Amino acid sequence: MERGAIVAEVRKAFGERITEVDEAALEPFVRCEASTWPDLARFLKERCGLDMLVCLSGIDRGKGVGLEAVYNLERCDASRVGIAVKIRVPYEAAVIPSVETVWRTADWHEREAWDLLGIRFEGHHNLVRILCAEDWEGHPLRKDYKSPDRYHGIKNNVV
Amino acid sequence: MSSEATSTAALAPGGADLRTEEMLLNMGPQHPATHGVLRVMVRTDGEMVLDCEPHVGYLHRCFEKHCENVTTLQAVLYTDRLDYLTAMGNNWGFCMAVEKLYGPELVIPERAQYIRVICQELNRIASHLLAIGTYGMDVGAITPFLYCFREREKILTIFEHICGQRLNYNYIRPGGVAYDVDDAMLALIGDFCSYFLPKIDEYDDLLSGNDIFVKRTANVGVLSAKLAIDYGCTGPVLRGSGVPRDLRKDKPYGIYERFEFDVPVGSGEHGTVGDCFDRYMVRVREMRESTRIVRQALKSIPGGEIRSAKIKAKIRPPKGEAFTRIENSRGDLGFYVVSDGKEVLYRVKCRAPSFHNISVLPEISRGSMLADLIAIIGSLDIVLGEVDR
Amino acid sequence: MGTLSAYFGRIHESAKTVVVGMGITWRYMVRPKEIVTIEYGSKNRAPKERYIPDRHRGIHFLETEKCIHCHICEKACPVDCIVMDGSREAFEGAWQGDGCHISKFILDLNKCIFCNLCCEPCPKDCIHMGQEFDMAGFTRSNGVKNLLSDGPWSAADRSREAAARELIVTAEAEAKARKAAAKKPA
Amino acid sequence: MNMDSGTLVEWVLGSDAGFWWRLAGVATAWALPITLWVSLVGLISIWLERKISAHIQCRLGPMEVGPHGALQTIADGVKLLAKEDLIPEGADRMLFALAPILAFAGTFVSFAVIPFGPDLIISDLDTGLYFLAAIGSLEAIGVIAAGWASNNKWALFGSVRAATQVVSYEIPLGLAFVTVAAVAGTLSMTEMVEQQSGMFWNWYMFRNPFMPIAFILYYIASLAECKRAPFDLPEAESELVSGFHTEYSGMRFAIFFLAEYAAMYVVSALAVVLFLGGWYTGIAPLDQALSASPLWGNVVGALVIITKSFVLIFVQMWLRWTLPRIRLDQMMHLCLKVMVPIGMFVLVLAALWQALLPYEGAVANHKPLFPAVGSIAGLAIFVLLTVGAWIWVRNTIRATTSFKSANYRI
């Protein structure tokens, strides 16, 4: 199944729930609302055979846009057909349903995105910080993040 | 391990008449076998591992945050510090993502492509040598480690001749490579290849063929293909499970389609497909394949430019987003770069293969023995610099 | 019988691989010429130029006469370990560069990651990565080098610097000669 | 020097008044040279270990202190002495302090019955072998105490492993002992060596076709007994950090270290006495010439026994730097399913051979035809094993090249 076919099938199954499709981009993607995502994820894995979650990137798109999670999915066979799914959420309600039951690697990736960008993944069994210390404040990869002057009495030398 | 795994389940408290006490063991972050600062919480019943949970983040150096604060050219050298054993691959992966932003008009000079392939494959050999050596050490054989280091040392010296550094190369740059390679260096690499191949046979005799080693690794930590894919494992870990996925073959980047090489996969020679021995053996075989590629590249390397003129000294990638992956020695190393047309990239996300590979540890180490846990961690061959970024 | 032969087959296999492994280690043990390590500070060691590659990135050295105080290396540095100061006007205690006067060129080797990014964009090609790599010291201030007063550390670097200077001198002489030759017919 | 144990004991017990003084005097007189000897063995074998491992691994090893680093171990000893003596919080302080001494004592006492020459033995017990088997496992108690007292989980793992290993390998070790005893008909060390005089085919090793196998069993079991690779599970540094002595530092650690190397010497010297002809060179005329003078007999005898022991220690080291470590269950499998059954068979067959074809030995200078068959068969088995090993090595190992490049010096 080519990428075009996957997109067509997704369009057929989800119709209006897919808000944007860009196949001409450097990284072709499908965009949907956060509420559609669990269904779409299951559909992509079970019907389209995209059995590998290659990467989950959280991106802070800046004021007025919000946070974005990009899921790079791929079929783990010789064709290596893949597509990205992008989900945008506003800052004040940065919640995306977790897909750790669909692709188990999403477990750590969602923890990372929560840790660094503060996207909450609803339904994750253990959404705690993974890279930063447990008592770290703020989400460092947000564009409005200010690094603290001190951490446990250790001075921050970075200007 | 399957039969033993079930017997362990029976041994677990509640399942047996004899009441035993579980012990919570904190392995790491300072432990000789954790290959860095990995911390694993192990719940043990005697020597049996009932459950374990890896804790990462002790080496978090905010790579992604750094990249949002330095120019694209400067970001290249931060990638060196990810998987510091395969810094060439990291450089290449990042540069490929940046080059993709420029679109298909950007043509990398032929010579640079060949140099990239040679460097990457040599670096893959160096990295696998370290993986094999430390794996031998994990199961108690210290001598192969020193032998592997002897060979690795030669590769590092070659790199020192090529780019001046032994570990953090900062050599592959957007649009090409930093410095040219002269003929004497190429001859040196050729000499190394002919020297190196017999040494692999020696490792086979000393370590891979050793009965104790085989018994220590076969049927231990069996990772099924399905589980490996579910956890996003790539590289030798996935291939060890019998899945012949290699980006150099499936989606040839650079000029890999020009070379002839095989993709070794685990076949369960001494046990089950996907056990520690398979993962180890895949690495040994990949070293041979890499040597093959290097030799082919040496034969056909053309002259000419080494850097594309299209990329200026001040690198300002065009607006856009790109996700590229390369087959690094530990698996698919991906970079998701977002550029807003400035000299500094808007966002860089690194898809680190070790991050995926280590997350599968609890699944495959349940029910094994404590000594097996060490062997399993070693066979996953993680680099914490990459896991924690 | 099958199990018995399998039993002894296993023992045979184990013994064989053990013996083969011992054979390999024996081979290395009895061959001193296979030894690859050398003693630290050994007198038999060849001079540094012999084993340090030309492109080795060691401690920097600066050809002060050429430097035009353009701050490009300072900007190129990803870890901000270079601090330089100076001006176009002559002032006391300043080094005379190529029409410029540098008063300060500090390199903090504690921060430096030896990436070579400072040397590459230099318009005058005057800052170089040297061959010296030994920078152990007892205090952190030991790692802060003033490139104006501290010359190249190793003999190899010194000879390289001298060669570079010679090149400038000859190039200048040649340019002068060419100019003179061009003037003559006119 | 010729001090019969019986007279010694009588002398000590002789007078009531000076009993303690005499006991102390005798103990010191013997303990001092043995302590020195143990330290010397430790020094030599640690240096050997370093050099052998270095040369196997294409390294130079210690080179700075003394010629070829010969005094490196002394320097290390001084360093260990000068180190702070740490006792972790929560440790059982008394047991923690006692454990290294216990571990060392077990090995140390073994020296009492190990002969160095015809007369160089502290106590030639009639039950020497039995005494060794009993006292040898004392070290395990020290190791267990160390692991328990450290209040460290890794140390506990190590000590439990040590207990498992030492206790289970006592069985094949004991079987090898019994095999020798069955052939020798005695448990006295000196008497056993005397029986092995004459040419080297008189050694127990070649006494009958099963003795080479018994020797190999003994050697493997002894590796496990003194926790050497591939049986170094109790201190598996990649698994258990450092096993039972994780928490030890300074002098206490040094004592553990010394005990380990002394144990290596003890098992090797025992192997020499039990299988390899003790202080006899194995060339009858030479031995006869030497034994004419008791002084030379003892000096050369001691040298011979030490040399043979160090050859065996060398093989232990060689093995250690070649092999990976085996797992706990595999170690038990090897012991209980391979070595014990084979040891049993060897014991029964060797005893049968001894019963059917009695060997009067060289002492009696009575050499019938049939016992010679035993020696020939034993030698043949030994040669067969050696040649077989040689063929394996020749057929498997491929030639490798050194790195040569005209272009650059690497």
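The values are calculated or read from the model by the stated rules, or taken from the named source; none is laboratory data. Note that the structure is a prediction, hence the values are computed from the model and not measured. Neighbour counts run over all protein chains shown; Cβ positions are idealised from the backbone, glycine included. Surface accessibility is based on the protein's heavy atoms, side chains included, excluding ligands, DNA and RNA. Shrake-Rupley method; radii C 1.70, N 1.55, O 1.52, S 1.80 Å.
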So what's the gap between the Cα centers of region B:32-109 and region D:138-194, to the nearest angstrom? 48 Å
Considering only Cα-Cα distances, which of the following residue pairs are longer than 22 Å: C:Lys66/C:Lys184; B:Lys310/B:Lys349; B:Lys312/B:Lys342; A:Lys86/B:Lys310; C:Lys66/C:Lys176? C:Lys66/C:Lys184; B:Lys310/B:Lys349; A:Lys86/B:Lys310
For chain B, what is the largest minus smallest coordinate of the Cα atoms on each principal axis, given in angstrom and ordered from greatest to least? 75, 46, 33
In nm, spacing of pseudo-spin labels at C:Glu13 and C:Ala162 (7 Å Cα→C-beta vector): 6.7 nm
With every protein chain kept in place and ligands, DNA and RNA left out, what is the accessible area per residue of region A:3-138? Probe 1.4 Å, answer in Å². 39 Å²
At 25 °C in a medium of viscosity 0.890 mPa s, region D:155-272 has a Stokes-Einstein diffusion coefficient, with Rh taken as the Kirkwood radius over alpha carbon pairs, in µm² per second, of 156 µm²/s
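Rolling a 1.4 angstrom probe over the protein heavy atoms, how many square angstrom per residue are accessible across chain D?
For chain D, the solvent-accessible area averages 43 Å² per residue.
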Name the residues of region B:298-346, by number, that are at least 40 Å² less accessible with every protein chain in place than in the isolated chain; the surface is that of heavy atoms, probe 1.4 Å, without ligands or nucleic acids. B:Glu321, B:Phe323, B:Arg325, B:Tyr336, B:Tyr346
Selected from B:Tyr195, B:Ile255, B:Asn328, residue furthest toward positive end of dipole (region B:63-388; charges at beta carbon): B:Ile255
Give the interface area between chains B and C as buried accessible surface, both sides summed, probe 1.4 Å, in Å² to the nearest 100. 2300 Å²
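Using R₀ = 56 Å, calculate the FRET efficiency as 1/(1 + (r/R₀)^6) where r is the Cβ-Cβ separation of B:Val107 and D:Val311; round to 0.05.
Working: r = 67 Å, r/R0 = 1.20.
FRET efficiency, B:Val107 to D:Val311: 0.25.
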At D:Trp37 and A:Glu92, where each label point lies 7 Å from the Cα along Cα→Cβ, what is the point-to-point distance in nanometres? 8.9 nm
Grab the eigenvalues of the alpha-carbon gyration tensor for region D:24-112, scale each by 5, take roots, and send me the semi-axes largest first in whole angstrom. 28, 21, 13
Percent of Cα-Cα pairs more than 20 Å apart in region B:182-289, please. 49 percent
Protein heavy-atom accessible area occluded, D/C pair - total, 1.4 Å probe, Å²: 2500 Å²
Kirkwood Rh, the protein assembly as shown, all Cα pairs: how many Å? 33.7 Å
Size-normalised alpha-carbon gyration radius of chain D, reference 2.2 N^0.38 Å: 1.05
Test item: C:68-80 mean partner chain Cβ contacts at 10 Å: 2
For region B:63-388, calculate the relative contact order in percent as a whole number, restricting contacts to Cα pairs under 8 Å that are 6 or more residues apart. 27 percent
Name the residues of region D:316-339 whose amide N is less than 15 Å from a point 7 angstrom out from the Cα of D:Ser137 along the C-beta direction? D:336
Taking the mean number of other Cβ atoms within 10 Å as a proxy for protection, how do you rank D:228-239, D:301-312, D:268-279 from highest to lowest? D:268-279, D:228-239, D:301-312
Only bridges with both residues in chain A count here: give the DSSP antiparallel percent, nearest 5. 75 percent
Interface buried area B-A, accessible surface with 1.4 Å probe, both sides summed, nearest 100 Å², comes to 3600 Å²
Of all GluC sites (Glu not before Pro) in region B:250-298, which ones are in loop regions per DSSP and have a Cβ with at most 15 other Cβ atoms within 10 Å? B:Glu260, B:Glu269
For region A:3-138, with equal point scatterers placed on the C-alpha atoms only and solvent neglected, what are the log10 I(q)/I(0) values from the Debye formula at q = 0.14, 0.18, 0.22 1/Å, to two decimals? -0.61, -1.00, -1.42
Within region A:69-113, the residues whose backbone N lies under 18 Å from a label point placed 7 Å from the Cα of B:Asp51 along the Cα-to-Cβ direction are A:101, A:107-108
Are there GluC sites (Glu not before Pro) in region C:7-42 that DSSP puts in a loop and that have at most 12 other Cβ atoms within 10 Å, and which ones? C:Glu39
Express the carbon and sulfur contribution to the solvent-accessible surface of the protein assembly as shown as a percent, rounded to the nearest whole number, probe 1.4 angstrom. 61 percent
How many Cβ atoms of partner chains, on average, are near each residue of B:163-175 if near means within 10 Å of its Cβ? 3
Residue separation between D:Lys79 and D:Leu95 times 0.36 nm, minus their alpha-carbon distance, gives in nm 3.3 nm
Per residue, how many Å² of accessible area does region B:46-122 show with a 1.4 Å probe? 26 Å²
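What ratio of Cα Rg to 2.2 N^0.38 Å holds for region B:58-163?
1.27
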Per the helix-only calculation at 222 nm, which mean residue ellipticity applies to chain D, given -39500 (n - 2.57) for every DSSP H run of n ≥ 4 and division by its residues, nearest 500 deg cm²/dmol? -21500 deg cm²/dmol
If eta is 1.002 mPa s and T is 20 °C, what Stokes-Einstein diffusion coefficient results for region D:54-156, Kirkwood Rh from Cα pairs, in µm²/s? 126 µm²/s
How big is the dipole moment of region B:63-388 about its Cα centre under a simple scheme where the beta carbon of each Lys and Arg is +1, that of each Asp and Glu is -1, and everything else is neutral? Debye, nearest 20, please. 860 debye
Per residue of A:49-61, how many C-beta atoms from partner chains lie within 10 Å of its own C-beta, taken as a mean? 6
